[in-house]
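Engineer: A single structure is presented below for examination.
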Amino acid sequence: MDLHSKDSRVNDDFVLPDLKWADATILITGGTGSFGRKMVSILLERYRPRKVIVFSRDELKQFEMQGALDPETAGSVRFFLGDVRDKGRLYRAFHGVDVVIHAAALKQVPAAEYNPLEAILTNVIGGANVIDAAIDAGVKRVVALSTDKAANPINLYGATKLCSDKLFVAGNSYAGGYGTRFAVVRYGNVVGSRGSVVPFFMQYRDGGEIPITDARMTRFWITLERGVEFVLESLYEMQGGEIFVPKIPSMRITDLAEAIAPGCRSKVIGIRPGEKLHEVMITEDDARNALEYRDYYVILPTIDGLGDRVLSEEQSRPCPEGFRYSSDTNDRWLTVEQLRRLVGLRSDGTRRPQAELV
Ligand SMILES: NC(=O)c1ccc[n+]([C@@H]2O[C@H](COP(=O)([O-])OP(=O)(O)OC[C@H]3O[C@@H](n4cnc5c(N)ncnc54)[C@H](OP(=O)(O)O)[C@@H]3O)[C@@H](O)[C@H]2O)c1
């Protein structure tokens, strides 16, 4: 199974049905993160928008990213230092922007448990600020990134992302006649993103023993490239208030350990506080308002007047009663060999030169 779509549905000419790439200004909050950097490189290589703005706090990350840009396209990128907690700064940054992709977040589960207010300020209040600034600046479309941890959350990170999802869905009501539309994209673990299990396992593989939380654990998995494409596809298709969920494969944590450190012993260290055995993207309760398309699901808003998305019999069908999209009951699974390729390793465990680790 190839996680990269061979037939991406991103429109080559138009970012939105009524806006050409060549005329579009796109701002990415958290643009220096794993997702943001991939988004910027794909935008510049494939779609060439008029302007791309990276919005984040740390000047060093921006400086390094700026230095790594291709000189041919670097002229269309602007770097904006700012914090999503600072509404005034967002108002300034969003001036003249057509599309905002909101990726800035605090996302480490243990850090959020120990510093709950910090996670709330960035992920919840920051999200509310993005909504206000987008409406007042006349931004046309906003897509906010969410995570499987937001479905029936058991940790504070997931709970803050659920609050953020709710804010962005309701943002369509606040926008009223202003025309700004908001949608959410929810997906699972990103292969090799900063602070993920891949770099963690990589640290241990030479020592001969890999720490495993629970041998039964499963996770959804998506590549950064597919995540970026899915956000762009959702941006084009959104009408406002949807939570878009891509159909992506699951993996077993034991298979990932075998892929990264073939033959290594594993030591079971127990599930960490705030972790689930399996992740869910659509709960049974969400499924009542969800539609299934060929490559993705859409959870429709339940707020009055927002859920009137036209249901096309040909393209979608309602999810059946009791449906649950969970990493353990998924019908798509990654094999050890596929996992190995995805993390940039050869069959013998040595690194491939083009390893796509970030
Ligand atoms: N990685 C995954 O496995 C995964 C899975 C599902 C969903 N997601 C979601 O995808 C999004 C992007 O994740 P990622 O993996 O790219 O995260 P990341 O690598 O940690 O990047 C986060 C970005 O946000 C910026 N940021 C953090 N706090 C900020 C603030 N207060 N104001 C402005 N910028 C801020 C960071 O830069 P500075 O520190 O310089 O500000 C950085 O650019 C997040 O919303 C995350 O919840 C991630």
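Engineer: Counting just the residues of the range 198-222 that are in contact with a strand residue (DSSP E or B) (Cβ under 6 Å, 6 or more places away or on another chain) and under 28 Å from ASP295 (Cα atoms), which one comes out farthest from the ligand (Cβ to nearest atom)?
Structural biologist: Among those that are in contact with a strand residue (DSSP E or B) (Cβ under 6 Å, 6 or more places away or on another chain) and under 28 Å from ASP295 (Cα atoms), it is THR218.
Engineer: Then there's this: Quick one: which of ARG340, ARG352, ARG309, ARG346 is modelled with pLDDT of 90 or more and either over 24 Å from VAL109 (Cα atoms) or of a type in the set (A, V, I, L, M) (or both)?
Structural biologist: Numbers: ARG352 fails: modelled with pLDDT of 90 or more; ARG309 fails: modelled with pLDDT of 90 or more; ARG346 fails: modelled with pLDDT of 90 or more.
Testing whether each residue is modelled with pLDDT of 90 or more and either over 24 Å from VAL109 (Cα atoms) or of a type in the set (A, V, I, L, M) (or both) leaves just ARG340.
Engineer: Just need a number here: residues in the range 46-78 that are closer than 17 Å to ALA104 by Cα and polar (S, T, N, Q).
Structural biologist: Total meeting the criteria: 2.
Engineer: Also, I was wondering about something else. Suppose we filter GLY207, GLY171, GLY177 for residues that are farther than 18 Å from GLN108 by Cβ, at pLDDT 95 or above and over 11 Å from the mean Cα position of the chain (by Cα); which single one remains?
Structural biologist: Going through GLY207, GLY171, GLY177 in turn, just one is farther than 18 Å from GLN108 by Cβ, at pLDDT 95 or above and over 11 Å from the mean Cα position of the chain (by Cα): GLY171.
Engineer: Scan the range 109-121 for residues that are under 21 Å from LYS166 (Cα atoms), at pLDDT 95 or above and surrounded by fewer than 24 Cβ atoms within 10 Å (Cβ to Cβ) and report the count.
Structural biologist: 5
Engineer: Checking ASP148 against (1) of a type outside the set (A, V, I, L, M, F, W, C); (2) more than 9 Å from the ligand (Cβ to nearest atom); (3) under 19 Å from the mean Cα position of the chain (by Cα), only one condition comes out false. Which one?
Structural biologist: Status for ASP148: all satisfied but (2).
Engineer: Determine if the range 54-67 includes at least one residue that is assigned to a loop (DSSP other than H, G, I, E, B) and touching a residue at least 24 places away in the same chain (Cβ under 8 Å).
Structural biologist: Yes, the conditions are met somewhere in the range 54-67.
Engineer: Taking the options LEU106, LEU156, name whichever one is farther than 21 Å from ILE303 by Cβ, touching a Pro at 6+ places or on another chain (Cβ under 6 Å) and not hydroxyl-bearing (Ser, Thr, Tyr).
Structural biologist: Result: LEU156 is the single residue among LEU106, LEU156 that is farther than 21 Å from ILE303 by Cβ, touching a Pro at 6+ places or on another chain (Cβ under 6 Å) and not hydroxyl-bearing (Ser, Thr, Tyr).
Engineer: Can you tell me which residue within the range 93-108, out of those that are closer than 16 Å to GLY127 by Cβ and among the β-branched types (Val, Ile, Thr), is surrounded by the most Cβ atoms within 10 Å (Cβ to Cβ)?
Structural biologist: Among those residues, the one meeting the criterion is VAL100.
Engineer: Residues ALA159, ALA112: which one is in a helix (DSSP H, G or I), under 25 Å from ASP285 (Cα atoms) and more than 9 Å from the ligand (Cβ to nearest atom)?
Structural biologist: None of the others qualify; the one that does is ALA159.
Engineer: State yes or no: is ARG9 away from the ligand (no atom under 15 Å from the Cβ), of a type in the set (Lys, Arg), more than 25 Å from LYS161 (Cα to Cα) and assigned to a loop (DSSP other than H, G, I, E, B)? Write out each step before concluding.
Structural biologist: Working: away from the ligand (no atom under 15 Å from the Cβ): yes; of a type in the set (Lys, Arg): yes; more than 25 Å from LYS161 (Cα to Cα): yes; assigned to a loop (DSSP other than H, G, I, E, B): yes.
The answer is yes for ARG9.
Engineer: A further question on this structure: Tell me which of these GLY195 doesn't satisfy, since it passes every other one: (1) surrounded by 21 or more Cβ atoms within 10 Å (Cβ to Cβ); (2) within 13 Å of the ligand (Cβ to nearest atom); (3) not hydroxyl-bearing (Ser, Thr, Tyr).
Structural biologist: Going through the list (1) surrounded by 21 or more Cβ atoms within 10 Å (Cβ to Cβ); (2) within 13 Å of the ligand (Cβ to nearest atom); (3) not hydroxyl-bearing (Ser, Thr, Tyr), GLY195 breaks only (1).
Engineer: Mind checking which residues of the range 13-38 are under 15 Å from VAL228 (Cα atoms) and more than 9 Å from the ligand (Cβ to nearest atom)?
Structural biologist: Result: VAL15, ILE26, LEU27.
Engineer: Just the residues that are assigned to a loop (DSSP other than H, G, I, E, B) and either surrounded by 20 or more Cβ atoms within 10 Å (Cβ to Cβ) or modelled with pLDDT of 95 or more (or both), please, taken from the range 235-267.
Structural biologist: Answer for the range 235-267, where residues must be assigned to a loop (DSSP other than H, G, I, E, B) and either surrounded by 20 or more Cβ atoms within 10 Å (Cβ to Cβ) or modelled with pLDDT of 95 or more (or both): MET238, GLY240, GLY241, GLU242, LYS247, ILE248, PRO249, ALA261.
Engineer: Sticking with this one: Just to be sure before I move on: is PHE182 outside any helix (DSSP H, G or I), more than 9 Å from the ligand (Cβ to nearest atom), buried (at least 22 other Cβ atoms within 10 Å of the Cβ) and not small (Gly, Ala, Ser) in the structure I sent?
Structural biologist: Yes: the conditions hold for PHE182.
Engineer: Right, another one. Filter the range 59-78 down to the residues that are touching a strand residue (DSSP E or B) at 6+ places or on another chain (Cβ under 8 Å) and charged (D, E, K, R), then identify the one that is surrounded by the most Cβ atoms within 10 Å (Cβ to Cβ).
Structural biologist: This residue is ARG78.
Engineer: Kindly establish whether ASP58 is under 22 Å from the mean Cα position of the chain (by Cα) and either modelled with pLDDT of 95 or more or over 21 Å from LYS140 (Cα atoms) (or both).
Structural biologist: Yes, satisfied.
Engineer: Taking the criterion of being part of a loop (DSSP other than H, G, I, E, B) and at positive phi, would at least one residue in the range 136-152 satisfy it?
Structural biologist: Checked against the condition, which is being part of a loop (DSSP other than H, G, I, E, B) and at positive phi, the range 136-152 yields at least one hit.
Engineer: Further question: For TYR187, which of the numbered conditions (1) within 19 Å of LEU300 (Cα to Cα); (2) among the aromatic types (Phe, Trp, Tyr); (3) modelled with pLDDT under 95 fails to hold?
Structural biologist: Condition not satisfied by TYR187: (3).
Engineer: Right, here's the next one. Give me the residue from the range 85-109 that is within 19 Å of the chain's Cα centre (by Cα) and of a type outside the set (A, V, I, L, M) and, out of that set, nearest to the ligand (Cβ to nearest atom).
Structural biologist: Looking only at the range 85-109, we keep the residues that are within 19 Å of the chain's Cα centre (by Cα), and these are 99-109.
Of the ones still in play, those that are also of a type outside the set (A, V, I, L, M) are 102, 107-108.
On the way: HIS102: 7, LYS107: 4, GLN108: 8 Å.
The selected residue is LYS107.
The values are calculated or read from the model by the stated rules, or taken from the named source; none is laboratory data. These numbers were taken from a predicted model, which means no experiment stands behind them. Please note: Cβ atoms are built from the backbone with ideal geometry, for glycine as well, and neighbour counts cover all protein chains shown.
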